[in-house]
Amino acid sequence: MEIIFLGTSAMIPTKERNHSAMLIKYDGEGILVDCGEGTQRQLKIAGETATKITKILISHWHGDHVLGLPGLLQTLSASEYATKEKVLEIYGPRGTKKHVELMLEAFPFDNKLQMSVKEVSNGKFVNTELYEIEAYPLDHSIPCIGFCFIEKDKRRIDVAKIKKLGIPEGPLLGKLQQNMAISHNGKNISPKDTTYIIPGKVIGIITDTGQCKNCLEIAEGTDILICEATFMEKEAEKAEQYKHLTIKQAALIAHTANAKKLILTHFSQRYKEKSELEQEARDIFSNVVLAYDGMKITV
């Protein structure tokens, strides 16, 4: 799995930071989380192809998170994406279907895309053989959701034990990997004696929000917690007014929820010196990184 940060600014972009967008690459899929203005260009700069996107997760409909969507849909419609019978899945909070309808009305183009637009509020909304995605309502000025990407555990063959038992490659190994017992040379062989589990990774994504219980729910036990941190603690009143988190609050969430690693993003354009932002987080949670446009994380 690879996570690519395409935009890490808050409402106002800077020369260094674009509006919010992030791409999760997993098993040939591209899952785009938000699509701020300029996301298409950010994809090209990162060396990524828009046609690899299979799902778009919209956290909320503030412009800095969605203004790149009309152009992206137009590009996909004019590409081979529309001729390969792909279905682009779009998920977002309450009101998303109406927003998409109005957007397509406001920006008319020859739309050849097959799209599935679904509104999600709470709980699991994607479930594949390899992963699940869950939605959590957050506390923002309009309906907003955060996400958990949960990779499913993988069962692997213990090669040394298989060799010792003389089990050949083929269907028997396949059954063991599917957690099914087998019979070989007159012996019953259990998966627990011949395989081992690799735990799946959990990525939590806390988008625009004030402090709320679901921040902890998203963050709990995550391998990587990606969290908005619009303001420093000295602007805590402003953060509360606009329903955003401070860096200190984000670090406390990671600490309280036993996250393994914290990546902060969505910074106000007022902050030029990033070292003080990092220090504010490190005072509470040491394993922290400040995201920047183009940053790639392999999980």
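Read-outs: derived from the displayed coordinates by stated rules, not from any lab. Fair warning: this is a prediction, and the values are worked out from it, not measured in the lab. A quick note on method: Cβ atoms are made from the backbone with ideal geometry, for glycine too, and the neighbour counts reach across all protein chains shown.
The alpha carbon centroids of segment 76-128 and segment 284-299 are separated by 30 Å. Indicate the gyration tensor shape class of segment 56-171 (rounded, prolate or oblate), computed on the Cα atoms with a ≥ b ≥ c the square roots of the eigenvalues: a/c under 1.5 is rounded; otherwise a/b larger than b/c is prolate and the rest oblate. Judged from the Cα gyration tensor, segment 56-171 comes out oblate (a/c at least 1.5, b/c at or above a/b). For the options M232, M180, M115, a Gaussian network treatment of the chain with springs between C-alpha atoms closer than 10 Å singles out M180 as fluctuating the most.
Quick check: from the Cα gyration tensor, does segment 155-196 come out rounded (a/c under 1.5), prolate or oblate? Rounded, because the longest to shortest axis ratio a/c is under 1.5.
Suppose the Debye formula is applied to equal point scatterers at every Cα of segment 4-124; what is log10 I(q)/I(0) at q = 0.15 Å⁻¹? Calculated log10 I(q)/I(0) at the listed q: -0.64. Computed from point charges on the beta carbon alone (+1 for Lys and Arg, -1 for Asp and Glu), the dipole magnitude for segment 155-196 about its Cα centre is near 80 Debye. The H on the amide N of A21, modeled in the peptide plane, is under 5 Å from the matching H of L6, G7, G36, each at least 5 residues off or on a different chain. Altogether, the Stokes-Einstein calculation at 37 °C and 0.692 mPa s, with the Kirkwood radius of the chain over Cα pairs as Rh, returns a diffusion coefficient of 159 µm²/s. Taking amide H as placed 1.01 Å from N in the peptide plane, H184 has its amide H under 5 Å from the amide H of I189, each at least 5 places away in sequence or on another chain. When the chain is treated as a Gaussian network with alpha carbon springs shorter than 10 Å, the biggest mean-square fluctuation among V289, V120, V66 belongs to V289. When the Gaussian network model of the chain links Cα atoms closer than 10 Å, the mean-square fluctuations of Y271, Y81, Y91 top out at Y271.
Here's how it looks for S59: its modeled amide H is under 5 Å from those of D34, which are all 5 or more places away or on a different chain.
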